[in-house]
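See structure below.
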Amino acid sequence: FETLIPGCNEDILQYNQVADIAHNAGIFDEGEVLQSIQFLHDLGSLQYFSSEYLKNYVVINPQWIINVMACIVSIRDSPVKNGRLFHSDISTIWGDYDSHLHPWILKLTEAFDLTFPVPDQNMNLVPCLLPEEEPEYAWEDVSETELREMKVIYTFNYLPGMFYRPYTS
């Protein structure tokens with residue numbers, strides 16, 4: 001099964017295409033197909049993500065993911081400015097990739113915590129590209145009556161592992 005996948009000459013395949021390759025290799029049970037894909041993922045031979053949105057594709061060339069991610073963080077004249085990736089710029093950022101994959105690729109960047117969706121806006125934040133300067137923000141003064149204090153007491157019947165035991169005896 002593993003030796004048949006590279007013969008596809010593709011970087012990414014639909015899950016059902018990989019399942020067909022598995023069937024040709026004699027793996028017919030769907031549970032075993034998934035287990036084989038997960039095993040190859042664990043070995044690093046391919047990349048598969050079981051989340052609801054990402055599970056329909058299998059990346060059979062892991063370098064492809066690096067190339068996709070590099071489009072966000074290493075383009076000199078990138079449309080990503082001040083850490084903001086506007087969805088309207090996706091076709092520019094990933095112009096070399098099939099446009100039907102663009103929404104999937106965006107979700108992939110979220111799975112890797114490279115980008116984070118901004119609710120109610122057609123934009124994702126790219127934390128590593130945010131400006132280093134703190135934005136100017138006028139914090140409202142807090143009065144003494146608005147201040148709250150809290151105390152938490154933890155009681156253990158055992159010594160938590162965070163304490164180095166030789167120093168506590």
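The values are calculated or read from the model by the stated rules, or taken from the named source; none is laboratory data. Everything numeric here is computed off the predicted structure, so don't read it as measured data. With ideal geometry, Cβ positions are generated from the backbone for all residues, glycine too; neighbour counts draw on all protein chains shown.
Select, from Leu54, Leu40, the only residue that is part of a helix (DSSP H, G or I), closer than 26 Å to His100 by Cα and of a type outside the set (Ser, Thr, Tyr). Just one listed residue meets the conditions, Leu40. Which one is surrounded by the fewest Cβ atoms within 10 Å (Cβ to Cβ), of the residues in region 22-50 that are in contact (Cβ under 8 Å) with a residue 40 or more places away in the chain and out of contact with any Lys or Arg (no Cβ under 8 Å at 6 or more places or on another chain)? Selected residue: Ser45. Given the conditions (1) surrounded by fewer than 11 Cβ atoms within 10 Å (Cβ to Cβ); (2) at pLDDT 90 or above, report the number of the one that Pro79 does not fulfil. The number of the failed condition is (1). Residue count for region 79-122, restricted to those that are in contact (Cβ under 8 Å) with a residue 40 or more places away in the chain, touching a helix residue (DSSP H, G or I) at 6+ places or on another chain (Cβ under 9 Å) and either of a type in the set (Gly, Ala, Ser) or part of a loop (DSSP other than H, G, I, E, B) (or both): 6.
Scanning for something under 21 Å from Ala19 (Cβ atoms), surrounded by 12 or more Cβ atoms within 10 Å (Cβ to Cβ) and in contact with a Phe, Trp or Tyr (Cβ under 6 Å, 6 or more places away or on another chain), does region 58-65 turn up at least one residue? Yes, region 58-65 contains a residue that is under 21 Å from Ala19 (Cβ atoms), surrounded by 12 or more Cβ atoms within 10 Å (Cβ to Cβ) and in contact with a Phe, Trp or Tyr (Cβ under 6 Å, 6 or more places away or on another chain).
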